[in-house]
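S.K.: Before I ask anything, here is the structure I am working with.
Laboratory data are not the source of any read-out in this text; all were calculated from the coordinates shown. This structure is a prediction, so every number in the text was calculated from the model and none was measured. Every residue, glycine among them, receives a Cβ derived from its backbone with ideal geometry; neighbour counts consider all protein chains shown.
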Amino acid sequence: MSPKDTIYITEFDHKRLKGLIKYAGESWDKRVAQHLEELDEELDRAEIVQPEEIPSDVITMNSTFRLTDLAAGEKVVYTLVFPGKADSATGRISVLAPIGTAVLGYRVGDVVEWRVPAGSRKFRVEKLLYQPEAALDYHC
């Protein structure tokens, strides 16, 4: 992931994600530790806002969004979910997956970069197809 000035997280998501990090750190396989650390770092630098104050173009938990791979030009659609609801076959990516951690809190138009085994990948956030807060669904 490349450094970014400000990312936005709702207070509700922040609390749930901090709880997930605490729980996962105590009970999950240690291979997950790096992803937990990266997520924790992202949360620590985030601007925490009330759900009704989050900008409508920010990727929050349970948001569905379209990314464009800047190298290949391919477009992909994902929904950002908690680990228990992840399903790669339907585009539901876990917030603990590298791409999930990378996109959390980013806005439409932002370029997201993250490390993969072969180097790094860059995607642009093209469109937010659904954001719970914009749909007034504050606790999904």
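S.K.: If I build a Gaussian network model for the chain, linking alpha-carbon pairs within less than 10 angstrom, which residue out of GLU38, GLU52, GLU113 has the largest mean-square fluctuation?
M.R.: Among GLU38, GLU52, GLU113, the largest mean-square fluctuation in the Gaussian network model of the chain belongs to GLU52.
S.K.: While we're here: What Rg and what Dmax come out for the range 71-140 when only alpha-carbon atoms are used, in angstroms?
M.R.: For the range 71-140, the Cα radius of gyration and maximum Cα-Cα distance read 12.6, 40 Å.
S.K.: Could you point to the label whose value was computed as volume of the Cα convex hull per residue in Å³ for the structure here, given (i) 107; (ii) 286; (iii) 132?
M.R.: Working out volume of the Cα convex hull per residue in Å³ from the coordinates points to (i).
S.K.: Please build a GNM for the chain, connecting alpha carbons under 10 Å apart, and tell me which residue among ALA24, ALA71, ALA46 fluctuates the most.
M.R.: Greatest mean-square fluctuation among the candidates belongs to ALA71.
S.K.: Using the Cα atoms of the range 52-94 to build a convex hull, what is its mean projected area in square nanometres?
M.R.: Projected area, direction-averaged: 3.8 nm².
S.K.: Arrange TYR23, TYR8 by Cβ neighbour counts within 10 Å, fewest through most, would you?
M.R.: Values: TYR23 11, TYR8 20.
Lowest count first: TYR23, TYR8.
S.K.: Within the chain, how many Lys pairs sit with Cα atoms under 29 Å apart, leaving out pairs fewer than 8 places apart on the same chain?
M.R.: Lysine pairs meeting both conditions in the chain amount to 25.
S.K.: If we count other beta carbons within 10 Å of each Cβ, what is the order of ARG115, ARG66, fewest first? Display every interim value, and only then the final one.
M.R.: Details: ARG115 12, ARG66 16.
Starting with the residue having the fewest Cβ neighbours, the order is ARG115, ARG66.
S.K.: Just rank GLU133, GLU47, fewest to most, by other beta-carbon atoms within 10 angstrom.
M.R.: GLU47, GLU133
S.K.: Could you size up the charge dipole of the range 8-130 around its Cα centre, putting +1 on the beta carbon of Lys and Arg and -1 on that of Asp and Glu, and report it in debye to the nearest 20? Walk me through the intermediate numbers first.
M.R.: Values: 17 positive and 20 negative charges, 82 e Å.
Dipole size: approximately 400 debye.
S.K.: Going toward the positive end of the dipole of the chain, with +1 on Lys and Arg Cβ and -1 on Asp and Glu Cβ, which of SER88, ALA102, TYR130 do you reach last?
M.R.: Going by the charge dipole, the pick is SER88.
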